[in-house]
Amino acid sequence: MQRLSNANMSNFKLLLVCTLVTALGGISFSAEKTPPKVQVVAGGRTFRLSDGKGFSPFGVTYYRPGTGWAPQVWKQFEPEATAKDFARMKQLGVNCVRVFLSYGSFYSEPGKLDPQGLAKFDKILEIAQSTGIYVHPTGPDHWEGPPTWQTVTIDDEQTLRALESFWKLFAARYRGRNVIFAYDLKNEPEVGWDSEGLRQKWNTWLQRKYGALDTVLGMWRTTNKLEWGAVAVPNDKDALKSHELLDYQAFREEIADTWTRRQVDAIKSVDPDALVTVGLIQWSVPSLLPGSIRYYSGFRPERQAKFLDFLEIHFYPFANGAYEYRNEADEEANLAYLEGVVREVARPGKPVVLAEFGWYGGGKPNFDKGVHPAVPQEQQAKYCRHVVEVSSQYVTGWLNWGFYDQPEATDCSQLTGLMTFDGNLKAWGKTFAALSAHPPTMDQSKTPVRPTLDWASCLTSTASAKEFRQQYLASFLNTLTR
């Protein structure tokens, strides 16, 4: 790369790649023949197919414009239009499509799958298999409305039992369907900071860990009076390496661990060969938290890795506020931030997929009250290409956020697609096709030396996290090719 690689392939070459991807590369299987199963390479950071070929998920999250926001993927499901979209995605080199399942279409009543939703999912699997694309379903969410029963928070026992039941029913139904790449338990789960349920569990956790209140007082170095059952949730203000805050963050991580473990166990009990992951929000790594320390998700990659077949992380460019393409320095700050996040997620040694990424381009968005400037498509393509290049040292799969632009959206999804809302190929779609034809591969021999993330500091102090990012950026800049 030159500082950050700025080589531009001509439109002719890019379009040529688009038309040849299906013929010369990627995966090909038919509706009549069971496709090879995606597997994790034993002891490695990559995937392979059961026929021995390597596999790198390269694709998108799928929804259609004109269906509202959040998109009504299933309530407005159109098989013919979807089949055309999958064919177009295949031309661009897509080999994996992430789709959101929804309570409204699949699981309105606890313990009962909706047959109409299942029929639509069956159809999308048929379309995907005939096209040569794997499907990556993400666990029930509220895109098409809540269920008849009230879902609560990550720590709620009733909600977790309902999810266990869902996965046992769903994974059992689709056992052996190799066209399913993996199950993603939920989009960007986060443990809350304070609720009645969390306070009760926090007190139980403390009593189990310490046994006696005097031990808690000594560890926390406090003279405050404490009473079992009434120990308050700590304040979320910075308090560098506070033992009280570190205990509370560890408690939240245990809540997250239990949530993940139980759902994975439910899936594996009916389909031991299914791959399972969870789409972590980027503040699962506390090098940047969007506010106070309470915004740490609680889903620590190193702990979650014990339960999952591979790890997923989502990333958007917020290093200096929302990225506005103002200058190269802002881009470098975001790419350094990205590298630090994926580096941490890769630390447990399992494959990592960047399961959501992207940014807007091709017009002026109106999210955030329209404060962001208009940006040409070429700028989006350049930034997204750099995301793939920089993360490739630690990541083995990439899923862009959205196939189409979504004008109805209330966030950056308005302009993050490979295609415009009316079906024209964007500059990023052309660059995506070129990358999908030859995805970057890891070269562990070239892993740069970087500052080490001090979790204890960053979980208790946003100021410490900011200092870490500054150190990391300096290291990142020193290793760029001038």
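In this Cβ point-charge picture (+1 for Lys and Arg, -1 for Asp and Glu), the range 217-280 has a dipole of about 220 debye about its Cα centre.
With θ taken as phi - 60° and the Karplus curve 6.51 cos²θ - 1.76 cosθ + 1.60 applied, the whole-hertz 3J(HN,Hα) list for the range 112-117 is 9, 7, 7, x, 5, x Hz, x standing for glycine and proline.
Once amide H atoms are placed 1.01 Å from N in the peptide plane, what residues at a sequence separation of 5 or more from residue 107, or on another chain, have their amide H within under 5 Å of its amide H? Residues meeting the amide H criterion: 114. With the charge dipole of the chain set up from +1 on Lys and Arg Cβ and -1 on Asp and Glu Cβ about the Cα centre, the Cα lying farthest toward the positive end among the listed residues 323, 438, 345 is that of 438.
Would you please name the trypsin sites (Lys or Arg not before Pro) within the range 227-330 that are DSSP coil residues with at most 15 other C-beta atoms within 10 Å of their C-beta?
Within the range 227-330, the qualifying trypsin sites (Lys or Arg not before Pro) (loop, at most 15 other Cβ atoms within 10 Å) are 237, 241, 306, 326.
When the charge dipole of the chain is built from unit charges on Cβ atoms (+1 for Lys and Arg, -1 for Asp and Glu) and taken about the Cα centre, the candidate among 180, 105, 142 whose Cα reaches farthest toward its positive end is 180.
Given Cβ point charges of +1 (Lys, Arg) and -1 (Asp, Glu) and nothing else, what value in debye, to the nearest 20, does the dipole of the chain about its Cα centre take?
1040 debye
Restriction of the GluC sites (Glu not before Pro) in the range 357-411 to DSSP coil positions whose beta-carbon has at most 16 other beta-carbons within 10 angstrom yields 408.
Comparing 249, 313, 259 along the charge dipole axis of the range 244-318, the residue lying farthest to the positive side is 249, per the Cβ-charge model. For the chain, the longest principal axis of the alpha carbon atoms and the long axis of helix 243-270 meet at an angle near 50°.
To the nearest ten degrees, helix 196-210 and the longest principal axis of the Cα atoms of the chain are 60 degrees apart.
What you get for the range 98-245, charging only the Cβ of Lys and Arg (+1) and of Asp and Glu (-1), is a dipole of about 460 debye around the Cα centre.
Over the residues of the chain, the helix contribution to mean residue ellipticity at 222 nm works out to -12500 deg cm²/dmol, using -39500 (n - 2.57) for each DSSP H run of at least 4. Among the GluC sites (Glu not before Pro) found in the range 214-254, those both in a DSSP coil and sparsely packed, with 16 or fewer other Cβ atoms within 10 Å of their Cβ, are 227. Amide H to amide H distances under 5 Å link residue 47 with 41, 55, where only residues 5 or more positions off or on other chains count and H is placed in the peptide plane.
Bear in mind that the values in this text are calculations on the coordinates, not laboratory data. In this text the structure is predicted, and so the values were computed from the model without any measurement. Because the Cβ atoms are built from the backbone with ideal geometry, glycine has one as well, and the counts that use them run over all protein chains shown.
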